[in-house]
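Below is one structure; the comments refer to it alone.
Quick note: the coordinates plus some simple rules give every number you see, no bench work behind them. All of these numbers come straight from a predicted model, not from anything done at the bench. Note that we place each Cβ from the backbone using ideal geometry, even for glycine, and neighbour counts take in every protein chain shown.
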Amino acid sequence: MTEKAVYYTVDTKMVDVLKSDFHVVLLFKFFGVKLGFGNTETMGDICDKYHLNPLLFVFVCNTYRFDDYRLSPREVEKFPVDDAMAYILKVHEHYARETKSDIKREFSEVKPMVDLMHRNEIVDLFNGFLNLVEEHTLYVERVFSLYEEIDAHAVKIMAAQQREIDYQLEMLIDSICRSAIPFEYADKYNHFLYFIALLKGRFRKHHKVKEQIFAKMLNGM
């Protein structure tokens, strides 16, 4: 029998959050939360300390960690749409600037290998992936700058863009995996592939959080 998930609450100790899934720490930068919680600080304590909306903070961490997490009807009514919008924009700013720069740097390490093998499709897939991320980021920033434009149509466009990004990244990974790698580039190749695989996992989780936030926004409009 499958063990029932124990979701985070404002009373959950931060040390227990990290023990359950250390990847949740990736979310903290978007809330301005710094590590170093001690043994007693709870999620509620962190919200008080950093002036965060506890419903949003717990919601994002739970949605990132658990595939089946959903807000209660009462929580949906109280969902902090403005704070959620600010959170999404911070995530997009990170991926549009910091992560995009990291991806370019990582790819530059394997570019000589790609050129040597004449695998132009890898370059095309990589550039296509970056273009899709940029297009999606600009669209979200434009829509969120005009609150009244967040409607069902806009949400569908953003969701479709997310699926395109995921598909393009999957195609890039597949193309690299099918390449016969010269021995002298094996280490760099493995490092890049590992980096891309981790990025894909983070994208998937952030997209899941974002889709849930979009759903709550539509329910409140």
Item to check | Helix-derived mean residue ellipticity, 222 nm - over the chain, DSSP H n ≥ 4, -39500 (n - 2.57), to 500 | outcome: -23000 deg cm²/dmol
Item to check | Which of 143, 131, 168, positive extreme of dipole for segment 114-183 (C-beta unit charges) | outcome: 168
Item to check | Distant-in-sequence amide H partners of residue 42 (H built 1.01 Å from N, under 5 Å) | outcome: 14
Checklist entry - Once a ≥ b ≥ c are taken as the square roots of the eigenvalues of the Cα gyration tensor of segment 9-104, is the result rounded (a/c under 1.5), prolate (a/b larger than b/c) or oblate (a/b not larger than b/c)? => result oblate
Checklist outcome for this item: In degrees rounded to 10, the 0-90 angle between helix 152-177 Cα long axis and the longest Cα principal axis of the chain is 40 degrees
Item to check | Protection proxy ranking, peptides 133-140, 170-177, average beta carbon neighbours within 10 Å, highest first | outcome: 133-140, 170-177
Item to check | Inter-label distance for residue 82 and residue 19, nm, one decimal - labels placed 7 Å from Cα along Cα-to-Cβ | outcome: 3.8 nm
Checklist entry - Please state the Cα pair-distance histogram of the chain with 5 angstrom bins from zero: what percent is in each bin? => result 1, 6, 13, 16, 16, 14, 12, 10, 6, 3, 1, 0
Checklist entry - Reported to two decimal places, what Rg/Rh ratio describes segment 57-184 when computed on Cα atoms with Rh from the Kirkwood expression? => result 1.07
Checklist outcome for this item: Karplus ³J(HN,Hα) for segment 129-138 (6.51 cos²θ - 1.76 cosθ + 1.60, θ = phi - 60°; Hz, whole; x = Gly/Pro) runs 4, 4, 5, 5, 4, 5, 4, 5, 4, 5
Checklist entry - From the backbone phi of segment 195-209, what are the Karplus-calculated ³J(HN,Hα) couplings (6.51 cos²θ - 1.76 cosθ + 1.60, θ = phi - 60°) in whole Hz, Gly and Pro given as x? => result 4, 5, 5, 5, 4, 4, x, 5, 4, 4, 5, 5, 5, 5, 4
Checklist outcome for this item: Label model pair residue 104, residue 190: point-to-point distance (7 angstrom along the Cα→beta-carbon line) in nm is 2.9 nm
Checklist entry - Pairs 19/156; 78/100; 34/104; 34/205; 34/78: which exceed 30 Å Cα-Cα? => result 19/156; 78/100
Next on the checklist: From the phi angles alone, apply the Karplus equation (6.51, -1.76, 1.60; θ = phi - 60°) to segment 49-58 and give each ³J(HN,Hα) in whole Hz, x where the residue is Gly or Pro.
Outcome noted: 5, 9, 6, 9, 6, x, 5, 5, 4, 5
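What does the charge dipole of the chain about its Cα centre add up to, to the nearest 20 debye, if the Cβ of each Lys and Arg holds +1 and the Cβ of each Asp and Glu holds -1? Display every interim value, and only then the final one.
Details: 29 positive and 34 negative charges, 58 e Å.
Its charge dipole is roughly 280 debye.
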Checklist entry - Along the three principal axes, how long is segment 121-199 when you take its alpha carbons, biggest first, rounded to the nearest angstrom? => result 55, 19, 17
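Taking only C-alpha pairs under 8 Å that are 6+ residues apart, what is the relative contact order of segment 1-155 in percent? Walk me through the numbers on the way to the answer.
Values: 93 pairs, mean separation 28.9, N = 155.
Relative contact order here is 19 percent.
Between residue 166 and residue 124, what is 0.36 nm times their sequence separation minus the Cα-Cα distance? Round to one decimal in nm. Provide the component values of the computation, followed by the final result.
Values: separation 42, 0.36 × 42 = 15.12 nm, distance 1.55 nm.
The residue 166-residue 124 span can extend by a further 13.6 nm.
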